[in-house]
Structures are given as structure tokens and as C-alpha cells.
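Please read the structure below before turning to the comments.
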Amino acid sequence: MNPGLAGLFAGGVAGVYVPTLRDQIRDGRIEMPLGGINPIGVRRDEHPLAFLLCSVAMVGCVAILLIVSAILVVRAFLS
């Protein structure tokens, strides 16, 4: 696949997931998509430390996805 196209797709996935993640953090329940069908849910009032770690991990994953997509798009333009 063309790196520019892969970067656009990855950026689109991250761009769609950012508002969902923001709403999950605001509502106090993070859904970790680690399970196949049923994601693992962590609530802020039940496990505050686990909620903090899950939210940091999810924000980190989305940030890495955005950075990689930007690198792929720039690489496609330069080559």
C-alpha cells in the first residue's frame, strides 16, 4: 500500500477515535478494546488508578497513531 494512503487512513481512524475517547474520559468509563467481542471497561469511581493508567495508555496509542500517520504522509510527499 502507498505510505501516503496508509497515513491518511491511520489519521482518519485516529481522528474518529479522539472524540469517542474524550467522551469516555468525561463520562468516567473507559472501554479498552483488548477483548475480542466485549471490551474491558474500567470505571473511574471503582478503580481510580486503573482508570488513570487506561486513559493514559489510550491517549498514548492515539497520539502514536497520529504521529505515525503524519510521518507517513510527509514521507509520501517527499518521495
Practice item. May I ask you to list the residues in segment 44-73 that are open to solvent by 80 Å² or more (accessible area, probe 1.4 Å) and of a type in the set (A, V, I, L, M, F, W, C)? Key: Leu49, Leu52, Leu53, Val56, Cys61, Ile64, Ile67, Ile71
Practice item. Go through (1) open to solvent by less than 80 Å² (accessible area, probe 1.4 Å); (2) over 29 Å from Ala76 (Cα atoms); (3) touching a helix residue (DSSP H, G or I) at 6+ places or on another chain (Cβ under 8 Å); (4) not small (Gly, Ala, Ser) one by one and return the number of the condition Leu21 breaks. Key: (2)
Exercise for review: Tell me which residues, restricted to segment 31-49, are out of contact with any Leu (no Cβ under 8 Å at 6 or more places or on another chain) and either in a helix (DSSP H, G or I) or β-branched (Val, Ile, Thr) (or both).
Suggested key: Ile37, Val42, Pro48, Leu49
Check your understanding: Can you find even one residue in segment 51-68 that is in contact (Cβ under 8 Å) with a residue 60 or more places away in the chain and either of a type in the set (Asp, Glu) or closer than 30 Å to Asn2 by Cα (or both)?
Key -> yes
Check your understanding: Can you tell me which of Gly28, Gly12, Gly4, Gly41 is of a type outside the set (A, V, I, L, M), touching a residue at least 60 places away in the same chain (Cβ under 8 Å) and open to solvent by less than 50 Å² (accessible area, probe 1.4 Å)?
Key -> Gly4
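The values are calculated or read from the model by the stated rules, or taken from the named source; none is laboratory data. Remember, it's a predicted structure, so these values are computed and weren't measured experimentally. Every residue, glycine among them, receives a Cβ derived from its backbone with ideal geometry; neighbour counts consider all protein chains shown. Ligands, DNA and RNA are stripped out before the accessible areas are found, and what is left, the full protein with its side chains, is counted by its heavy atoms. Shrake-Rupley method; radii C 1.70, N 1.55, O 1.52, S 1.80 Å.
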